[in-house]
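Report on one structure; see the data block that follows.
The values are calculated or read from the model by the stated rules, or taken from the named source; none is laboratory data. Keep in mind the model is a prediction, meaning the values are calculated, not measured. FYI the Cβ positions are ideal-geometry reconstructions off the backbone, even for glycines, and counts take in every protein chain you see.
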Amino acid sequence: MEFSWLEADLTFRRELIDFLQRTLPEEWDEMAKDGPGGDAQATYSREFCAALAEHGWLTQHWPKEYGGKDATPWRHAIVGEEMWKVGEPRGAQYMNVNWVGPTIMKYGTEEQKALHLPLISSGNVLWCQGFSEPEAGSDLVALRTLALREGDHYVVNGSKIWTSYVNHADYCFLVARSDPESKRHQGITVLLLPMDLDGIEVREIPSVVGERYFHEVFFTDVRVPVSCRLGPENAGWDVVTYSLAYERVGAARYARAVLTLDALAEHARERGLLEDPTVLERLSEAREVCEMARLLTYRVIDLRAKDSSPTADTNVARVAGTMAERAVSELALAVFGTDALVYGNFGESYFRMAMTAGVATGTTEVNLNLVASRFLGLPRE
Amino acid sequence: MDLAPNEEQQAILDAVESLLGQRAGAARAIELDRLGEADADLQAELDQSGFLDIALDDEMGFLEAVLVVEAISQAGGLVTAGASALVAPGVAGESLPGPVALMQAGDKGPVRYAAQARTLLVDAGDEAFRVEIEPGAFEVVTSNVMFPLGRAVGELPDGDSLGAGSGALLRNWWRVALAAEMVGAMQAALDVTVEFVTGRRQFGRAIGSFQAVQHRLATCAVLVEGSRWLVREAAFRGAPPEAAATAAGHAAAAAGRLFEETQQLTGAMGYTREHDLHVWSMRLQALRLELGGAGEHRRAAARARWLDGGSGA
Ligand SMILES: Cc1cc2nc3c(=O)[nH]c(=O)nc-3n(C[C@H](O)[C@H](O)[C@H](O)COP(=O)(O)OP(=O)(O)OC[C@H]3O[C@@H](n4cnc5c(N)ncnc54)[C@H](O)[C@@H]3O)c2cc1C
């Protein structure tokens, strides 16, 4: 056990920070104001990720045979932290490199690997995650979207909801039911669905989080070639589980939370609040939680680096990450007061982006359920 | 970065846990509390086996010392684990005759282990002082917190200064020591509570299967894990003011939560001297108030980061 970074990793982090300073356009902050799904950021991600790929940094954690460098999960975590600190210029493409690519490596045909992996590792393709449905949120296996086999095609009917980035996506990682009689985990099939097929309609769901944040996607008799199926027919749940395990080291939200906290301390100083012991205590309290989230995420990365199978440490880290976002949000409101009601105010922007932390990629309650059963071993009945 | 114990660390943990398995535990803690004593035998044994000197060992260091302190506290060992294994080496650069008590100059409140201690380390602001305790200098204070407490009878001798700036050093290591002891006690309190809610049945099912119960314990688990990694990292980095106070602030707040939830979820049984919970839950009350408690730790961490030139990390 020890907590120091390798010299090479420290150097890498410095190079990456330099690269970001050189590369991000002047108007970056404005572009990033609606998050990775916003139009400006989605468009820019194609340019940015291509540049990152040229440095060999986009998919360095991938195996050499797929164009990576077999870099450690720690190296990739450094990328995640530095990207989140500046507002994630990889846009939606962080998903590609984190879990879409690795899942294709595991389950893809040679043809699928030859098509998708180079697209992803060159940084110019956008994916979306078609999992949630109106009736299938936390209980994902309640999904109903059908993909019925007709000869050498699947015919897809149904809808997906909350689909981030879908408005710019080239492909959708779609989970559907291929056996209409099946229940729960059976009868599920994964499709790597090109978004330019006929019969797909995307509608934005206006929200208070930001523009282009949420969408519903409707599929009407969409004919998808069988060659787009990832993994076996009707046994796609294993594929889904595998992809979610890769998602276990989620976005490095704590990295941004910590930076925000320092900025909030500066605002507090300007507002003469830093003499107030209560403000000091709350700043510190929020920082404790951010540091906790960082270390508990490191714990998950460490397990990954040692090739351990996923454990409930992931859920522990997820809960901590949400606590961190909330603590910093609360402080943003305390420091800015009613100014934080104004759209675009620093505190407002933060709480708006942070408010989804307890729901996106699995809710806090679901994570607590898993901590209770798998980490503490509490009984089910 | 490697967050699993290496072979040497694992060997130390195995050795100390085996010793504690024989010599510590709830029953022993309850017996000693009834007698109003600290565990002189265990203190001597840990000392002779070198567990309290690990921080200064060439091959080891303060991180390993934290692992040992966590384990001692988790086993309910009634010895000055944090003060002996972390604070003394941290501020004096050597191990000191134990038990070692810690106090702030002028503090009229009760001090853990003061009536049993041979050495006292005093935080006098800029400087820290080392005082040899004369018999009778402290009187026993009655308490239910499962630690022996003492209060100074008259004026204490000044003792020997440990040098300019040693006061801050003392506070930093004291915070790390407190956090490590709280981690051990929180883990044990959580463990006995999980055991209780798993076995206890009401309404035809284990109470630990109710989601309202599960979520509260799961949240406690997250806070304990967070405290654990914060203090380990702080020790590894040599107790810089910000990291030390961050670990202590977080652990003290978590300890408050753990006290509340573990006492609540064990029902009336949790208040009794026949159930083990009180050994750890009551100690948490003492640990989380020491050195000013969460509020003071937090102000110290914030000052280190945002006011004292910002180089506290
Ligand atoms: C910002 C954001 C981006 C998203 N992006 C995507 C995306 O790209 N692709 C995609 O497929 N999905 C996406 N989602 C959807 C997300 O995965 C779901 O919102 C999430 O899984 C929860 O489902 P739900 O919203 O239907 O809530 P529900 O499942 O209806 O839950 C509502 C509340 O009930 C609680 N609850 C549910 N079950 C239990 C239980 N067993 N025990 C205790 N409490 C329970 C929940 O914790 C929650 O508090 C996104 C969501 C957000 C907020």
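Restricting attention to the range A:194-234, the residues that are under 18 Å from A:I161 (Cα atoms) and among the basic types (K, R) total 2. Scan A:R352, A:R326, A:R374 and give me the residue that is part of a helix (DSSP H, G or I), within 16 Å of the ligand (Cβ to nearest atom), closer than 24 Å to B:L217 by Cα and more than 12 Å from chain B (Cβ to nearest Cβ). From the options A:R352, A:R326, A:R374, the qualifying one is A:R326. For first residues located in the range A:66-78 and within 11 Å of chain B (Cβ to nearest Cβ) and in contact (Cβ under 8 Å) with a residue 12 or more places away in the chain, partners that are surrounded by fewer than 18 Cβ atoms within 10 Å (Cβ to Cβ) and assigned to a loop (DSSP other than H, G, I, E, B) and lie 6+ apart or on another chain with Cβ distances below 8 Å form the pairs A:W74/A:W5; A:W74/A:L6; A:W74/B:M1. Against the test of being within 14 Å of another protein chain (Cβ to nearest Cβ), within 21 Å of B:A185 (Cα to Cα) and of a type outside the set (A, V, I, L, M, F, W, C), the options B:P5, B:P110, B:P99 yield a single qualifying residue, B:P5. Looking at A:R287, A:R304, just one residue is of a type in the set (K, R) and at pLDDT below 95, and that residue is A:R304. Being surrounded by fewer than 21 Cβ atoms within 10 Å (Cβ to Cβ), more than 8 Å from chain B (Cβ to nearest Cβ) and either in contact (Cβ under 8 Å) with a residue 12 or more places away in the chain or of a type outside the set (D, E, K, R) (or both) is true of A:A334. Across the range A:126-158, the number of residues qualifying as among the β-branched types (V, I, T) and more than 16 Å from the ligand (Cβ to nearest atom) comes to 1.
Screening A:R184 with (1) surrounded by fewer than 22 Cβ atoms within 10 Å (Cβ to Cβ); (2) more than 24 Å from the chain's Cα centre (by Cα); (3) away from the ligand (no atom under 16 Å from the Cβ) gives one miss only, at (3). Of the residues A:I161, A:I200, A:I120, the single one that is of a type outside the set (G, A, S) and in contact with an Asp or Glu (Cβ under 7 Å, 6 or more places away or on another chain) is A:I161. Only residues that are at positive phi and at pLDDT 95 or above were counted in the range B:263-313, giving 4.
Applying the selection to the range A:285-318, what residues are closer than 17 Å to A:L333 by Cβ and either of a type outside the set (D, E, K, R) or surrounded by fewer than 19 Cβ atoms within 10 Å (Cβ to Cβ) (or both)?
Once the filter is applied, which keeps residues that are closer than 17 Å to A:L333 by Cβ and either of a type outside the set (D, E, K, R) or surrounded by fewer than 19 Cβ atoms within 10 Å (Cβ to Cβ) (or both), the range A:285-318 yields A:A286, A:V289, A:C290.
If the condition is being in a helix (DSSP H, G or I), in contact (Cβ under 8 Å) with a residue 24 or more places away in the chain and over 14 Å from the mean Cα position of the chain (by Cα), then the range B:265-293 contributes B:L265, B:G267, B:M269, B:G270, B:L277, B:H278. Applying the criterion of at least 3 residues that are touching a Gly at 6+ places or on another chain (Cβ under 7 Å) and at pLDDT 95 or above to the helices (runs of 4 or more DSSP H) found wholly in the range A:1-68 leaves A:39-54. Of all residues in the range B:232-248, those that are more than 10 Å from chain A (Cβ to nearest Cβ) have Cβ atoms under 7 Å from Cβ atoms of residues that are of a type in the set (F, W, Y) and surrounded by 22 or more Cβ atoms within 10 Å (Cβ to Cβ), 6 or more apart or on another chain, in B:G238/B:F62; B:A239/B:W173. Of the helices (runs of 4 or more DSSP H) contained entirely in the range B:3-77, those carrying at least 2 residues that are more than 18 Å from the chain's Cα centre (by Cα) fall at B:7-23, B:26-35, B:40-48. Taken across the range A:253-265, residues that are in contact (Cβ under 8 Å) with a residue 24 or more places away in the chain, within 14 Å of the ligand (Cβ to nearest atom) and part of a helix (DSSP H, G or I) do occur, with at least one present.
If you go through the range A:200-227 and keep only what is surrounded by fewer than 19 Cβ atoms within 10 Å (Cβ to Cβ) and closer than 17 Å to A:S178 by Cβ, you end up with A:D221, A:R223, A:P225, A:V226, A:S227.
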